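The values are calculated or read from the model by the stated rules, or taken from the named source; none is laboratory data. The structure presented is a predicted model; accordingly, all values stated were derived computationally and were not measured. A quick note on method: Cβ atoms are made from the backbone with ideal geometry, for glycine too, and the neighbour counts reach across all protein chains shown. Remember, those area values only see protein heavy atoms, side chains included, never the ligands or the DNA or RNA. Shrake-Rupley method; radii C 1.70, N 1.55, O 1.52, S 1.80 Å.
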Amino acid sequence: MRRTIIAANWKMNNLTSEVINFFAEFGDAALNSENEVIIAPAYPYIPLASALSKNKNIEIAAQDVYPKAEGAFTGMVGGKMLADLGVKAVIIGHSERRRIFGEPNDLIREKVKFVQENGLHLIFCVGETLPERENGVMFDVLKEQIHSAFDDNLTLAPEKITIAYEPVWAIGTGVTATPEQAAEMHAFIRKIMKEKYGYEDSRILYGGSVKPENIQGLMANEDIDGALVGGASLKASSFMKLVNF
Ligand code: PGA
């Protein structure tokens, strides 16, 4: 059985007062949900979010990690710091990291390895751009992203390897993949995970303009094991609806 994950990626949003207000309003929403609830605040707000979500069935995640324990890496946050803050999950390969910061597949592969070596839950993002979809190469793009990260590089149990299918054209745009489009891509990823790596129980999340209004349609598909949510996760009123969709 694959337990549904509803994950929030706050990106570079939510300041101290907003984090405080979020958890005050969110209350026991995750305790009352049968789903696994994950929240990824920006690094400086991890301790505050951890403290405010204690014993509330919320796993705090990081949005990235530099794949070293510690040392002379100006501006970076490494493994020892995440462990020190009690972080349990890390998002790797988000399309904003790939595109805005130019993260290449080999660095992403190194991060995938590092997250596993540190026993953290990996949330690995893949997804095609609009031109790639229009040119019909979306399957090749996903294959390349998955193979370059996972070939001879999967060491953790399937429950700790989660993939997020996030079509770049659907992120922050208000345009969601239709349940049919998402289902097709999820089935493709599921097949690779099973046939190539023998990972049947990894969760595959959908991300890209998920909102309370469209989550049910997406989640009706058996290959969609949850959602990675940006914009609609910033406010408790909306994220509450998503965790109890
Ligand atoms: P969005 O972002 O929900 O705002 O589209 C999703 C994501 O980038 O994970």
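Numbers below:
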{"read-out": "Selection count where residues are open to solvent by less than 50 Å² (accessible area, probe 1.4 Å), part of a loop (DSSP other than H, G, I, E, B) and either within 16 Å of the ligand (Cβ to nearest atom) or among the charged types (D, E, K, R) (or both), scope segment 10-39", "value": "3"}
{"read-out": "Segment 218-229, residues that are crowded, with 22+ Cβ neighbours inside 10 Å, among the hydrophobic types (A, V, I, L, M, F, W, C) and part of a loop (DSSP other than H, G, I, E, B)", "value": "I224"}
{"read-out": "Flag for I215 being farther than 22 Å from R99 by Cα and surrounded by 22 or more Cβ atoms within 10 Å (Cβ to Cβ)", "value": "yes"}
{"read-out": "Residue in segment 178-196 that is modelled with pLDDT of 95 or more, at negative phi and β-branched (V, I, T) present", "value": "yes"}
{"read-out": "Among (1) within 15 Å of the ligand (Cβ to nearest atom); (2) touching a helix residue (DSSP H, G or I) at 6+ places or on another chain (Cβ under 7 Å); (3) part of a helix (DSSP H, G or I), the one test that S237 misses", "value": "(1)"}
{"read-out": "Matching entry among T155, T162 (being of a type outside the set (F, W, Y) and open to solvent by less than 40 Å² (accessible area, probe 1.4 Å))", "value": "T162"}
{"read-out": "Hits in segment 31-40 (condition: over 17 Å from V87 (Cβ atoms), under 20 Å from the mean Cα position of the chain (by Cα) and not polar (S, T, N, Q))", "value": "E34"}
{"read-out": "Qualifying residue in segment 177-185 (condition: open to solvent by 10 Å² or more (accessible area, probe 1.4 Å) and within 11 Å of the ligand (Cβ to nearest atom))", "value": "no"}
{"read-out": "Qualifying position, being away from the ligand (no atom under 16 Å from the Cβ), more than 23 Å from G172 (Cβ to Cβ) and touching a strand residue (DSSP E or B) at 6+ places or on another chain (Cβ under 8 Å), among V77, V65", "value": "V77"}
{"read-out": "Leading residue by the ranking (surrounded by the most Cβ atoms within 10 Å (Cβ to Cβ)) among those in segment 190-212 that are within 16 Å of the ligand (Cβ to nearest atom) and not in a loop (DSSP other than H, G, I, E, B)", "value": "Y206"}
{"read-out": "Qualifying residue in segment 146-166 (condition: over 14 Å from I91 (Cα atoms) and within 15 Å of the ligand (Cβ to nearest atom))", "value": "no"}
